[in-house]
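Here the structure is laid out as structure tokens; the discussion comes afterwards.
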Amino acid sequence: MSPSGFPVRDATPRDAGGIARVYVDSWRETYAGLLPNRMLVGLSVPRLTRQMRYRIDWIRRNPRTLDMFLVAFDGREVVGFADCGPSRTPSLGPKAEIYTLYVDPNYLDQGVGKTILVEAMRRFLENNARSLIIWALEKNPYRHFYGAVGGKLAAEREGRHWGRQLREIGYAWTDLEAAHNKLVDPASH
């Protein structure tokens with residue numbers, strides 16, 4: 001059991017529906033008024049379930065050192081997830097990347113995101129990744145979580161999403177071991 005009380009484990013294809021629900025609920029909560037309504041309304045749990053199942057299956061069939069898809073639970077219900085792997089911007093330095101980390105809006109501020117992040121860091125460290133990056137849309141009101149858990153502003157970039165030019169902010173942990181240890185035992189630092 002994790003310190004927050006929300007167990008985290010590798011996702012299985014059976015988790016895809018719960019992951020898709022968390023994704024849709026998170027996007028609709030986070031980006032209402034920031035992204036086009038047609039895009040948010042058009043998010044489809046069945047379509048995303050198929051996509052998530054495909055990604056989980058791909059990771060299971062093609063094990064690479066840094067690929068993982070983690071889920072957090074409350075009982076049998078998925079309450080958060082993270083899709084992780086090798087950095088897509090290695091020129092910035094970090095070897096590992098968390099591609100997505102979402103928490104069910106009903107579980108915000110309960111430690112789910114931190115618990116998933118700590119587990120991802122632990123696994124990256126086990127596989128000799130000593131640095132990590134995660135990208136968040138600049139207008140995401142929850143992106144400051146990454147700074148609160150030790151991520152440092154590392155880069156900015158423009159990306160085209162849903163027909164709009166949007167700025168993304170990269171948060172990095174350059175000493176992953178120290179960051180992990182501080183999150184696991186804040187009193188020791």
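Go through ALA120, ALA129 for me and flag whichever is under 17 Å from the mean Cα position of the chain (by Cα), in contact (Cβ under 8 Å) with a residue 40 or more places away in the chain and in a loop (DSSP other than H, G, I, E, B).
Values: ALA120 fails: in a loop (DSSP other than H, G, I, E, B).
Checking each option against the conditions leaves just ALA129.
Answer with yes or no whether PHE124 is aromatic (Phe, Trp, Tyr) and closer than 21 Å to PHE73 by Cβ. Write out each step before concluding.
Numbers: aromatic (Phe, Trp, Tyr): yes; closer than 21 Å to PHE73 by Cβ: no.
Answer is no for this residue.
When you check PRO7 against the structure, is it surrounded by fewer than 21 Cβ atoms within 10 Å (Cβ to Cβ), under 17 Å from the mean Cα position of the chain (by Cα) and at pLDDT 90 or above, yes or no? Give the steps one after another, and end with the answer.
On the way: surrounded by fewer than 21 Cβ atoms within 10 Å (Cβ to Cβ): yes; under 17 Å from the mean Cα position of the chain (by Cα): yes; at pLDDT 90 or above: yes.
Judged against the criteria, PRO7 is a match.
Name the single residue, out of those in segment 88-130 being among the small types (Gly, Ala, Ser) and buried (at least 20 other Cβ atoms within 10 Å of the Cβ), that is farthest from ARG53 (Cα to Cα).
So the first thing to find is which residues in segment 88-130 are among the small types (Gly, Ala, Ser), and the list is 91, 93, 96, 111, 113, 120, 129.
With buried (at least 20 other Cβ atoms within 10 Å of the Cβ) added as a condition, the list becomes 96, 113, 120, 129.
Numbers: ALA96: 22, GLY113: 21, ALA120: 20, ALA129: 26 Å.
If we take residues in segment 88-130 being among the small types (Gly, Ala, Ser) and buried (at least 20 other Cβ atoms within 10 Å of the Cβ), then ALA129 is farthest from ARG53 (Cα to Cα).
Could you list, in sequence order, all residues of segment 96-119 that are out of contact with any helix residue (DSSP H, G or I) (no Cβ under 7 Å at 6 or more places or on another chain) and under 13 Å from PRO86 (Cβ atoms)?
GLU97, TYR99
Please enumerate the residues belonging to segment 1-55 that are in contact with a strand residue (DSSP E or B) (Cβ under 6 Å, 6 or more places away or on another chain), in a helix (DSSP H, G or I) and either more than 24 Å from ARG167 (Cα to Cα) or free of Cβ contacts under 8 Å to residues at least 24 places away in the same chain (or both).
Hits for segment 1-55 are ASP15, GLY18, ILE19.
I'd like to check something: does segment 65-74 contain any residue that is in contact with a helix residue (DSSP H, G or I) (Cβ under 8 Å, 6 or more places away or on another chain), small (Gly, Ala, Ser) and at pLDDT 95 or above?
Filtering segment 65-74 for residues in contact with a helix residue (DSSP H, G or I) (Cβ under 8 Å, 6 or more places away or on another chain) gives 66-72, 74.
Retained after the next criterion (residues that are small (Gly, Ala, Ser)): 72.
Okay, now just the ones that are also at pLDDT 95 or above, so 72.
Scanning segment 65-74, I find at least one residue that is in contact with a helix residue (DSSP H, G or I) (Cβ under 8 Å, 6 or more places away or on another chain), small (Gly, Ala, Ser) and at pLDDT 95 or above, so the answer is yes.
Just checking, how many residues over segment 56-86 are closer than 17 Å to PRO7 by Cβ and in a strand (DSSP E or B)? Spell out how you get there, then give the answer.
Going through segment 56-86, the residues closer than 17 Å to PRO7 by Cβ turn out to be 68-82.
Next, only the ones that are in a strand (DSSP E or B) stay: 68-74, 77-82.
Qualifying residue count, segment 56-86: 13.
Which of the residues spanning segment 10-56 are small (Gly, Ala, Ser) and within 16 Å of the chain's Cα centre (by Cα)?
Kept after step one, since they are small (Gly, Ala, Ser), are these residues of segment 10-56: 11, 16-18, 20, 26, 32-33, 42, 44.
Within segment 10-56, ALA11, ALA16, GLY18, ALA20, SER26 qualify.
Do we have any residue at all in segment 60-69 that's touching a residue at least 24 places away in the same chain (Cβ under 8 Å), within 28 Å of GLU126 (Cα to Cα) and either of a type in the set (Val, Ile, Thr) or loosely packed, with under 14 Cβ neighbours inside 10 Å (or both)?
Yes: segment 60-69 contains one or more residues that are touching a residue at least 24 places away in the same chain (Cβ under 8 Å), within 28 Å of GLU126 (Cα to Cα) and either of a type in the set (Val, Ile, Thr) or loosely packed, with under 14 Cβ neighbours inside 10 Å (or both).
The values are calculated or read from the model by the stated rules, or taken from the named source; none is laboratory data. Since the model is a prediction, treat every value here as computed from it, not as a measurement. We place every Cβ from the backbone using ideal geometry, glycine too, and count neighbours over all the protein chains shown.
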